[in-house]
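Peer 1: Quick one: the structure is below, and I'll ask about it shortly.
Just so it is clear, none of the values below were taken in a lab; they were calculated from the coordinates. Just so you know, these numbers come straight off a predicted model, no measurement behind them. Reconstructed Cβ throughout: ideal geometry from the backbone, glycine too, with neighbour counts over all protein chains shown.
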Amino acid sequence: MYFLASGFLLLNTASAAATKRYNAYHGAAVSTVQVKNGTYTGYYAAAYNTDNFLGMPYAQPPIGDLRFRIPQSLNSTWSGSKNATEYSPECIGYGRDTWSQGNYVSEDCLTLNVIKPAGSCESLPVLVWIHGGGLVMGGSGDRRYNQSFIVQQSVEAGMPIIAVSINYRLSSWGFLYGREIQESGNTMNGFRDQRLALRWVQENVAAFGGDPDRVTIQGESSGGTSVGAQLLAYNGRDDGLFHGAIAQSGAPISPGVDFDVDDWEPIIANISRATGCNGTGSVLDCLRKVPTDQLNSFINSTVTRGARYGPVVDGDWFTQTASQALSNGDFLKVPYIIGVNEAEGVGFGPRQINTTQEILDYIVDSGYDNATAHDLAILYPDIPAIGVPSTLHGRPNSTIGLQFKRSSTIAQDMSMNAARRLTSHWWARHGARSYTYIFNALVNGLSYFSGAVHFQEVAFVFYNTEGLGYPQNGNPNPLGGPESESLVTLAKQMCRMWISFVNYGDPNMHLGCKSNCFASLKRELADAWGLVKAEPWNPVEAEEPEFYYFQQNETSKSLPDIVRAEGVSYWEELIMARKGTNCTGIVACGGSYDGDLDNL
C-alpha cells in the first residue's frame, strides 16, 4: 500500500532540524491542479507524503478602491500554470504579527493554502483552519499551523482529510466600523473574507480530491470567535458552505460589551483628522487613497486607542446580539466542538491580587457593579485547592498574589468557560449536537505557575511533535522534554478525535475506517497502526451536560459539567441578561439570578 511509505514524524526531533528539513524540500514543484480560474503547480512534501498548494488567491486584492470594501470574487483567468509553492504575506495588522515569517505582511493577502494526501484521491472531507490573533495579527503561514502533520495523521488513521488554511483582513483593515461604513454595507469585512474563502473551497476543492459537502471549519481564540461569527451569520442562514465546526478557546458569545456606531465614531474622527481626511466628503474614499504604510502607522498608534475589533450588530451580517441569536435558535445547527483550556484565566486575569478587596476592585474595574462583585466573591471563595491552575499547589506568595488562583479562576470563567458551557447549552436546547471539552496538560517549557494556558492545545490538535514554529517565539518544542511520551500520546488522541469529527461529525470514530480513498485499511489493523483508544466523548445534553476532560498521564473521559457550577451559572445568566450592553450586573440589566437560563 503506497501510504505505508509516508514519512512518520520522529518524536523529539530538534526544532532546528525540523526547520532545515522543511526548507530542504519546500518549493519542489511536482503536482498540478486545475481550478476554476486556471492551473496551479504545487510541490510534494516527501517528509509527510503530501501535495501542498500555497498562497492561492481567493479574492481580488483588497487594495486601492477595494480597500475597506466587502471582498470581491476573482474575475480573471490565466493560461499556463502559476506556482503555488510559497505562503503569501500575512494580512497587515497590529504590527506584532511578523515574528513567525519575518517582516512579511501586506494588504494584498487574501489567499489560502491546500494540503492534501499525495496522489489521486476523491471526495475526502475538508478541514478549514481560521487562525487566531485577536483579529489583529497572525496568518496562515505561521508554521505552528502546519497542516501537513494532521493530514499525515489522517492517512495513518485511515480517515484521510484535505486541509485548508486562510488569511483574512485584520485590525482596522478588516473590522473598521462607523456610520459611513454601516450605511455603505462594507461591514465585518474580515468575516466576509472568511466566507468568500469558504465559497472558493466549495467551487474548487473537488479539483484537489475534496468533498464540498463535507467541510468543517476550525479556529482557535479569535479564530474560534470567527467560527462563531460564521455560525450566527445572517441569523444562521445555511449557504451550504460548511457542515461542522470546531472552536478552540473562542465562542460566539461573551460577557463583554459590544461596540456600536456611537463607540466607533470618535475613533473614525481621530483617523480622519490624523490622515487629513476630515472635511473631504467621504472619509472612506479619502482613506482609500492614503499610502498603506502611512495609514497603518496611524491605525497602530494612539489614534485608534479604545477600538474593539469584532462582531457588531450591523443590521446585515448580525441583526441581533449573540445572546439573542443563541436563545432564539438563529444559528446554523451543525455538529460543533467547543472547548477551553483549564487555565486560560492565568493569561487573562491579574497578578498580585492579595486581598478580597482587591478581588472586588478587579471585578468592578472589569465593568461590573458592586453587587455583582460581592456575589462573585461569595461564589468564588478564597480556597486555593479549587482554583486554577491546578498544577500550582498551595497558596502562592504575595509577589504572584496570595489570591492569584482565586482571581485566575474568576477570569477563567469570565473570559472563556461560561461562554463554552452556555453555547453548548443552546445547541442542545435547539436540538443540535455539540461536544465540549476542557484541556489540561502542562506543555514542555511552561511552569506549574502557568498550567494549561491559552493556545497550548494547538500543538496537540495539529500533532506538531517537531515543535515547528515555536523557536521563532523563543519557546521550546511544546511536546518535547522529559514528559514527551505522555504529551505525544495525548496529542495523538486529540488529533485523531478531531480527524474523526471532520470525517463523521463525531469524535469517537477514530478506531474505524470508512475512507473512500484508502478503503484497504481495515479496522483490524488499528492496533498495528497505533491508533489511540480512549473513553467515549459524549455529546452535550441540556439537562445533564458533560464535558470531555483531556488530561496528561490519565485517561481522558467525559465528566459531568459541574465544575464551579454555581459560579459558571452566574456568569451565564449575566451574559444572557447583559445582551452585549454596558449594564453592570444581572439586576441592573433587568434580570434576576435564579439559576435557570430559560427564564432570561
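Peer 1: Post the alpha-carbon centroid distance, the stretch 130-195 to the stretch 540-587, in whole angstrom.
Peer 2: Cα centres, the stretch 130-195 to the stretch 540-587: 27 Å.
Peer 1: Could you work out how far the C-alpha centroid of the stretch 439-483 sits from that of the stretch 197-235, in angstrom?
Peer 2: Spelled out, the Cα-based centre of one part sits 27 Å from the other.
Peer 1: Tell me, S172, S272 in order of fewest to most beta-carbon neighbours within 10 Å?
Peer 2: S272, S172
Peer 1: Classify the stretch 171-240 from the C-alpha gyration tensor, please: rounded if a/c falls under 1.5, else prolate or oblate depending on whether a/b exceeds b/c.
Peer 2: It is prolate, given that a/c is not under 1.5 and a/b is the larger ratio.
Peer 1: Using θ = phi - 60° and the Karplus curve 6.51 cos²θ - 1.76 cosθ + 1.60, what whole-Hz ³J(HN,Hα) does each residue of the stretch 382-394 get, with Gly and Pro shown as x?
Peer 2: The phi angles translate into 7, 10, x, 5, 10, x, 10, x, 5, 6, 9, 9, x Hz.
Peer 1: Do you know the relative contact order of the chain, to the nearest whole percent, from alpha carbon pairs under 8 angstrom that are 6+ apart?
Peer 2: This gives 15 percent for the chain.
Peer 1: When the Debye formula is applied to the Cα atoms of the stretch 370-505, each taken as the same point scatterer, what base-10 log of I(q)/I(0) results at q = 0.10, 0.13 Å⁻¹?
Peer 2: -0.45, -0.74
Peer 1: For the stretch 392-428 and the stretch 266-328, compute the distance between their C-alpha centroids and round to whole Å.
Peer 2: Spelled out, the Cα-based centre of one part sits 32 Å from the other.
Peer 1: Restricting things to alpha carbons, tell me how big the chain is in terms of Rg and Dmax, in Å.
Peer 2: Computed over the Cα atoms of the chain, radius of gyration and Dmax are 23.6, 73 Å.
Peer 1: Using the Kyte-Doolittle scale, which helices in the chain average at least 0.0 and also have C-alpha atoms spread 15 Å or more along the helix axis, with helices defined as whole DSSP H runs?
Peer 2: 222-236, 484-504
Peer 1: Let me ask something else about it. Starting from the Cα gyration tensor of the stretch 51-196, multiply each eigenvalue by 5, take the square root, and state the resulting semi-axes largest first in whole Å.
Peer 2: Semi-axes from the Cα gyration tensor: 28, 17, 15 Å.
Peer 1: G401: net charge of surrounding residues, Cβ under 9 Å, Lys/Arg +1, Asp/Glu -1, itself excluded?
Peer 2: +2
Peer 1: Ok, one more. In this model, which of K333/K557; K333/K492; K116/K333; K82/K289 are farther than 32 Å apart at the alpha-carbon?
Peer 2: The pairs that break the limit, which is 32 Å between Cα atoms, do not exist here.
Peer 1: Along the charge dipole of the chain, which of S569, H243, L392 sits closest to the positive end, that is, farthest toward it, with unit charges on the beta carbon of Lys, Arg, Asp and Glu (+1, +1, -1, -1)?
Peer 2: So the residue we want is H243.
Peer 1: Before rounding to the nearest 500, sum -39500 (n - 2.57) across all DSSP H runs of length at least 4 in the chain and divide by the residue total; then give [θ] at 222 nm in deg cm²/dmol.
Peer 2: -9000 deg cm²/dmol
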